[in-house]
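This report concerns only the one structure given below.
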Amino acid sequence: MVALSHLDLVGVDAETGTKVLYTLGLVAVVILLRWVARSLVALLVRGRERHTARFWARQAINLSTAVVVGLGLVSIWFDSGLHAAAGLGIISAGLAFALQKAVTSVAGYFLILRGDIFAVGDRIVMGGVRGDVIGLGFLRTTILEMGQPENDRDATMEVWVDARQHTGRIVTVTNGVVFDDPVYNYSRDFPFLWEEVSVGIKFGADRVLAEKLLLEAAQRHARIGDEVGPEAMRRLARRFFVPTTDLEPEVFVKLADSWVQLTVRFVVPTHGIRKVKSDITRDVLDAFAANDIDIAYNAYAISEVPPLRVTRDAGS
């Protein structure tokens, strides 16, 4: 029988135990400092309108925590710079092979921050998921899903809300998606969208009056150029080449098979689009009814029915 006093576990000695204690102490201190820093950010940077500053402060805390932990572990477990470089090289190669998806997601995280692709609070489409960004971590992005209007529907995504409003589902998408798929941002540099409302009127109806009523409804409810302000367009032009465009509502006319189609184009904020379009539609319906302008629709009228003859067999 072998005495336990003479049994030595491989790699376990007083020095290793000391390093383990130092490691636990380092992790505990860093977690405590991280909690204090996040609490200070929550206390000093308040308000919904300051969510961008709060987002960047939290990302800086997360990155600082990761750097401190990494440097601390290297300092504790490696005695010299040569050993540290060799150990880190072996660990990095192993992690890169075993955790390819995770490494890609972490790289995607830094690309999102460095490339200024989106931030918490932005409305985006990422990896086929549409919605508002409510969280960003090293590996994944958390999105509060929104629905899809009929003219902007993706057949691969099943949603039950026929507008850009929240469905209630919270979806997580890996950050590595940014390397393979485009990211659509609705609100990053220009927090407005161009939208349209179309209506068909019968041939012979007062088209000029119909255009006027449609334009007035859009001007009442949509954002016009003065409200949007030239500063938003200048800010966008400073970063990208953007051609000059008119921000005022405008009506376009198109000949359809059985009616004249009128489409009003206007600028709206990124959020609240469904209500704006609903208000415009209500006003147009009321104005058309008050001015005896008939809305066209597909209909079939049977003007004559041929005579029907019913015969019966003698044995039936």
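Each reported figure results from applying straightforward, stated rules to the coordinates on display, with no laboratory input. For clarity, every value in this text was computed on a predicted model and none was experimentally measured. Ideal geometry is used to build each Cβ from the backbone, glycine not excepted, and the neighbour counts take in all protein chains shown.
Some observations on this one:
- Formal net charge of residues neighbouring ALA289 (Cβ-Cβ distance under 12 Å; K, R +1; D, E -1): -3
- Of the GluC sites (Glu not before Pro) found in the stretch 128-207, the ones in coil according to DSSP and having at most 14 other Cβ atoms within 10 Å of their Cβ are GLU158.
- Rounded to whole Hz, the Karplus (6.51, -1.76, 1.60) HN-Hα couplings of the stretch 232-239, x for glycine and proline: 5, 5, 5, 5, 5, 5, 5, 9
- ³J(HN,Hα), Karplus 6.51/-1.76/1.60, whole Hz, each residue of the stretch 247-253, x for Gly, Pro: 9, 7, x, 8, 9, 10, 10
- Shape summary: the stretch 231-316 maps onto an equivalent ellipsoid whose semi-axes, from the alpha-carbon gyration tensor, are 53, 17, 15 Å in decreasing order.
- What the phi angles of the stretch 211-217 give under the Karplus curve with 6.51, -1.76 and 1.60, with θ = phi - 60°, is a coupling list of 4, 4, 5, 5, 5, 5, 5 Hz, glycine and proline written as x.
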